[in-house]
1. Name the residue that is surrounded by the most Cβ atoms within 10 Å (Cβ to Cβ), counting only residues in segment 225-277 that are assigned to a loop (DSSP other than H, G, I, E, B) and of a type in the set (A, V, I, L, M).
2. List the helices (runs of 4 or more DSSP H) that sit entirely inside segment 13-102 and contain at least 2 residues that are touching a helix residue (DSSP H, G or I) at 6+ places or on another chain (Cβ under 7 Å).
3. Which residue is farthest from Ala293 (Cα to Cα), if the candidates are limited to segment 351-378 and must be in contact with a Leu (Cβ under 8 Å, 6 or more places away or on another chain) and surrounded by 23 or more Cβ atoms within 10 Å (Cβ to Cβ)?
4. Counting only residues that are part of a loop (DSSP other than H, G, I, E, B) and either in contact with a His (Cβ under 8 Å, 6 or more places away or on another chain) or small (Gly, Ala, Ser) (or both), which one in segment 200-224 is most open to solvent (accessible area, probe 1.4 Å)?
5. Could you list all residues from segment 324-342 that are open to solvent by less than 90 Å² (accessible area, probe 1.4 Å), in contact (Cβ under 8 Å) with a residue 12 or more places away in the chain and closer than 17 Å to Cys390 by Cα?
6. Would you check which residues across segment 19-54 are open to solvent by less than 20 Å² (accessible area, probe 1.4 Å) and out of contact with any strand residue (DSSP E or B) (no Cβ under 8 Å at 6 or more places or on another chain) and list them?
7. Of everything in segment 168-184 that's over 22 Å from Gly420 (Cα atoms) and either in contact with a helix residue (DSSP H, G or I) (Cβ under 8 Å, 6 or more places away or on another chain) or without any contact (Cβ under 8 Å) to a residue 40 or more places away in the chain (or both), which residue is most open to solvent (accessible area, probe 1.4 Å)?
8. Determine which member of the set Val187, Val153 is among the β-branched types (Val, Ile, Thr), open to solvent by less than 60 Å² (accessible area, probe 1.4 Å) and assigned to a loop (DSSP other than H, G, I, E, B).
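The values are calculated or read from the model by the stated rules, or taken from the named source; none is laboratory data. Bear in mind the structure is a predicted one, so any value in this text is a computation, not a measurement. Positions of Cβ are generated from backbone atoms using ideal geometry, with glycine treated the same way; all protein chains shown enter the neighbour counts. Quick note on the areas: whole protein, heavy atoms, side chains included, nothing else; ligands and nucleic acids left out. Shrake-Rupley method; radii C 1.70, N 1.55, O 1.52, S 1.80 Å.
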Amino acid sequence: MKQSEFKKRRASLMKQIGKGNIAIIASAPQRTRNRDVHYPFRQDSDFYYLTGFNEAESMAVFIPGREQGEYILFCREFDEKKAQWEGAHAGLEGATKHYEADDSFPIDDLDDILPGMLENKSKVFYPMGKDSDLDHKLLEWINHIRKQSRTGVTAPGELVSLEHIVHEMRLFKSTEELKLMRRAGEVSAKAHIRAMQACKPGLYEYQIEAELIHEFIQDGLRAVAYPSIVAGGKNACTLHYVENKDKLNKGDLLLIDAGVECDHYAADITRTFPVSGKFSEPQRLLYQLVLDAQAAALAEIKPGNPWNKAHDASVETLTKGLIELGLLKGKPKKLIKDEKYKQFYMHRIGHWLGMDVHDVGDYKIKDEWRLLEPGMVLTVEPGLYVPADCETVDKQWRGIGIRIEDDVLVTKDGHEILTGGVPKSIEAIEALMQSS
């Protein structure tokens, strides 16, 4: 992503912070996996959103109206030996030259320099409660300034959540962000197709997971957006099943919930298909019901509609269908009011999507479901899950888990499906699998 995009975000942030105030945010830490081996580094989403800087041990400071420069970056100094062993890093010069910080300082000098920047500021915007070390340090810095009150220096009197501003900004995707999300969606779609084509009885769930990862990396995207769910048969009734260790059996369905990350932006796709390439009649009936529920929900994704309207549409469709198939008994309105459908459909229709797979942004404003607006991206993912030991339904339905999920952009005229490259009709899935 171009630095001009990050610069625009910082300008918007500065305007909302206002002169006389300051904002600070720390990078993600490097996490130890075991002994001297680290987990692959993934930058804090808010920090990256504002800076584009992808290194640990960093702190970004924003001071609207500061004469010497409004955007200051504390980071590691350049170390030739470290560069030889671990690869390139920006250093102080790179922070200003390549990442367009107005000023840069060594992260080791943070305690000496940052308290001075806090002096005479009214408010400090920062991620409150997210990082206990930063919470502690900030209070230490403020108390240090308070001790100098006789010299005429004042300490900030108010701590304000930075997330409230940044998360509302992140909720609305720019043209550049959508390019990355479309790319993540396209590659993820190719991976799901590859998995469908590779699937056959006798393989193991982890072998299908390997097909997904192969496609991700083959397309140049090395980070999964979240641990892939590859759930055969009754495993699909466990919503966040990630063990991916069982054998795939003839006659079962396979639920795959997997997506890749493109430059910190996630895709999130779920498809359910028959291991043998052909749906049984009970599978077909339940699958079509979930597909109909997704269509009903998608019809409600448009500007001006409340967030919850799509969920309500999916609940109504699924409840009526479950009555027709005999899994529920009673009147639709009463069953919905009493939430009887939740024994088979226990999650909501979806979530915001962006830099995090369960992305930031409020779902309600003043206790009212917020209205959808152009630029928002969300998932639409109805499902049905009938546990293998569910004795209240006929045997033919037991152990079937189905979810269908797509990533959807709200446009000015309605919506755009970003992940439409994967087949989801019964006919298209069977044709694809039987042709491979």
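1. Top of the filtered list is Ala267.
2. Per the criteria, 45-51.
3. Taking the candidates together, the pick is Gly354.
4. If we take residues in segment 200-224 being part of a loop (DSSP other than H, G, I, E, B) and either in contact with a His (Cβ under 8 Å, 6 or more places away or on another chain) or small (Gly, Ala, Ser) (or both), then Gly220 is most open to solvent (accessible area, probe 1.4 Å).
5. Scanning segment 324-342 gives Leu325, Gly326, Leu327, Leu328, Tyr341.
6. Ala28, Gln43, Ser45, Tyr49, Gly52
7. Applying the filter and picking the extreme gives Met169.
8. Testing whether each residue is among the β-branched types (Val, Ile, Thr), open to solvent by less than 60 Å² (accessible area, probe 1.4 Å) and assigned to a loop (DSSP other than H, G, I, E, B) leaves just Val153.
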